[in-house]
Amino acid sequence: MGQGSWGTEADRNAVAAKFQLVADWSAAHGIPVMISEFGAVRATPFNDRMAFYAAYVDGAVAHGMAFMVWDDGGDFHIYDRKWRTWSEEKDILIHGYPDSPTRLAFTSTVDTLVTLTWVNRAEGATHLTVERRTIDGVFAPLAELPPDATAFSDTTAEGGQTYQYRIIAHSGGVDRYSYPIQTTVTPTARASYPAGPHPLPGTLEAEDFDEGGEGLTYHDTDAENIPGAYRPGVGVDIAARNDGGYQVTHIASGEWLEYTVDVAEAGLYEVTVYVASVGGGGRLRVVAGGEQTSILNPIATGSDQALAPLSGTLSLAAGPQIIRLSLLTGAAYHVDRMEFRLVGATSTEDAPPAPAITVYPNPATTYVHVVAPAAPRQVLSLYNVLGQRLRHLTLAGPETRLDLDGLPPGVYLLRLERDGRPATRHTLVKH
């Protein structure tokens with residue numbers, strides 16, 4: 001199969017008809033048939049390619065035909081000889097059966113919700129397992145379902161992340177795998193509030209978190225603004241202050257708020273969070289990309305209006321990015337604002353020489369190779385221009401392949417860390 005789409009009812013029927021024609025000829029002449037090769041180029045869309053391989057395996061196994069797959073080490077490869085890794089086609093070839101779950105499709109891929117449907121074909125299955133993985137991860141069980149289930153909703157997905165899903169039917173000690181399908185979860189549009197990215201150095205009012213909604217720009221354990229002040233339509237609790245401002249209140253463990261900012265100058269920033277608390281308690285921190293402040297502990301101020309400053313430091317790159325206020329543990333405290341002050345600009349003259357890394361190809365399309373000087377405990381991360389981390393892996397050798405499948409075209413930042421400290425940054429362009 002060359003480049004293009006595949007998987008319509010007509011496509012499937014055409015393959016089935018060819019298998020039937022060959023099977024009839026084989027029976028009429030008493031000559032067994034072996035499929036010497038079939039395959040699809042990797043430029044074919046992922047879901048179409050997986051369905052194509054599954055259709056050929058279905059037909060071959062159903063008619064008792066041995067088969068071989070074409071692998072030229074290039075456009076048709078299913079085994080990466082350099083990295084000694086198998087592609088997704090391997091499980092289709094080994095675990096695919098004519099009664100494996102099939103016709104996988106997505107009916108929703110927005111924000112934190114992915115809804116998957118399929119057709120069951122296995123008779124006597126004891127149960128089904130839904131598995132999921134990220135592009136650079138491994139498949140792991142997500143849910144166990146009854147054998148007649150034909151749909152599943154994943155409510156733990158993350159907007160902007162790319163996932164692969166597959167269904168396994170368990171029957172009589174034999175696991176029948178569906179082919180995997182892939183989707184990138186579409187986040188609801190994010191927008192700064194009240195308008196435009198917040199300039200830093202400067203002040204972020206806690207109540208001016210981004211618009212976008214639960215799971216995208218904030219997380220709150222209840223769905224309403226209980227005090228009802230300032231932004232009554234959001235799910236974050238905001239109360240009026242006696243000085244005419246507002247503060248985030250009713251804080252519970254694990255909640256967070258995000259803000260789009262535009263940093264004028266890269267460097268080390270002092271971050272001061274102003275918090276009111278009658279009796280003290282709780283833990284919070286400020287996060288940006290791969291950097292974070294130390295844990296800040298609210299102290300007792302004697303009232304829910306008296307503010308105390310909690311300070312930490314945070315390294316920020318220049319340009320637009322996302323700041324997250326992470327409320328690690330809840331308590332009776334209230335957050336008014338965050339102030340960012342530049343205390344040490346990044347200086348290329350004073351900084352020690354960073355280890356050079358080589359990234360190729362750049363610009364890239366589906367993957368890049370990263371070559372870095374050997375060193376223990378090296379971690380490579382990929383960020384978008386908003387400071388969101390999209391890939392994260394530990395380097396196992398001097399050269400590493402980083403998959404870019406599922407990422408939209410644009411400019412990205414590669415960041416190399418050694419022993420938990422930033423070492424090198426490199427700009428990457430994806431076409």
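One line per residue, one yes/no per condition, for (1) at pLDDT below 85; (2) in contact with a Gly (Cβ under 9 Å, 6 or more places away or on another chain); (3) surrounded by 14 or more Cβ atoms within 10 Å (Cβ to Cβ):
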site	(1), (2), (3)
S315	no, yes, yes
Q321	no, yes, yes
A374	yes, yes, no
N384	yes, yes, yes
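Quick grid of which residues meet (1) modelled with pLDDT of 90 or more; (2) surrounded by fewer than 19 Cβ atoms within 10 Å (Cβ to Cβ); (3) within 30 Å of Y269 (Cβ to Cβ):
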position: I168; (1), (2), (3): yes, no, no
position: S171; (1), (2), (3): no, yes, no
position: Y177; (1), (2), (3): yes, no, no
position: T186; (1), (2), (3): no, yes, no
position: A195; (1), (2), (3): no, yes, yes
position: P199; (1), (2), (3): yes, yes, yes
(request) Considering each residue of the stretch 324-340, count those that are closer than 21 Å to R241 by Cβ and of a type in the set (S, T, Y), and give that number. (result) 1
(request) List the strands (runs of 3 or more DSSP E) that sit entirely inside the stretch 157-230 and contain at least 1 residues that are farther than 30 Å from D99 by Cα and of a type outside the set (S, T, N, Q). (result) 198-200, 202-205
(message) So, in the stretch 297-312, exactly how many residues are within 36 Å of the chain's Cα centre (by Cα) and either closer than 17 Å to R241 by Cβ or not assigned by TED's automatic domain parsing to the domain that holds L268 (or both)?
(response) 2
(message) Here are the criteria: (1) assigned by TED's automatic domain parsing to the domain that holds V174; (2) small (G, A, S); (3) more than 27 Å from H127 (Cα to Cα). Tell me which single one G73 does not satisfy.
(response) (1)
(request) Quick one: which residue in T183, T203, T221 is outside the structural domain of L284 (by TED's automatic domain parsing) and of a type outside the set (A, V, I, L, M, F, W, C)? (result) T183
(request) Scan (1) at pLDDT 90 or above; (2) hydrophobic (A, V, I, L, M, F, W, C); (3) in contact with a strand residue (DSSP E or B) (Cβ under 9 Å, 6 or more places away or on another chain); (4) surrounded by 14 or more Cβ atoms within 10 Å (Cβ to Cβ) for the single condition I94 breaks and write down its number. (result) (4)
(request) Select from the stretch 333-343 the residues that are more than 14 Å from E255 (Cα to Cα) and either touching a helix residue (DSSP H, G or I) at 6+ places or on another chain (Cβ under 8 Å) or of a type in the set (A, V, I, L, M) (or both) and write down the one among them that is modelled with the highest pLDDT. (result) M338
(request) Would you check if there is a residue in the stretch 212-226 being within 18 Å of the chain's Cα centre (by Cα), charged (D, E, K, R) and over 23 Å from P45 (Cα atoms)? (result) yes
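The values are calculated or read from the model by the stated rules, or taken from the named source; none is laboratory data. Nothing here was measured: the structure is a model prediction, and the numbers come from that model. Please note: Cβ atoms are built from the backbone with ideal geometry, for glycine as well, and neighbour counts cover all protein chains shown.
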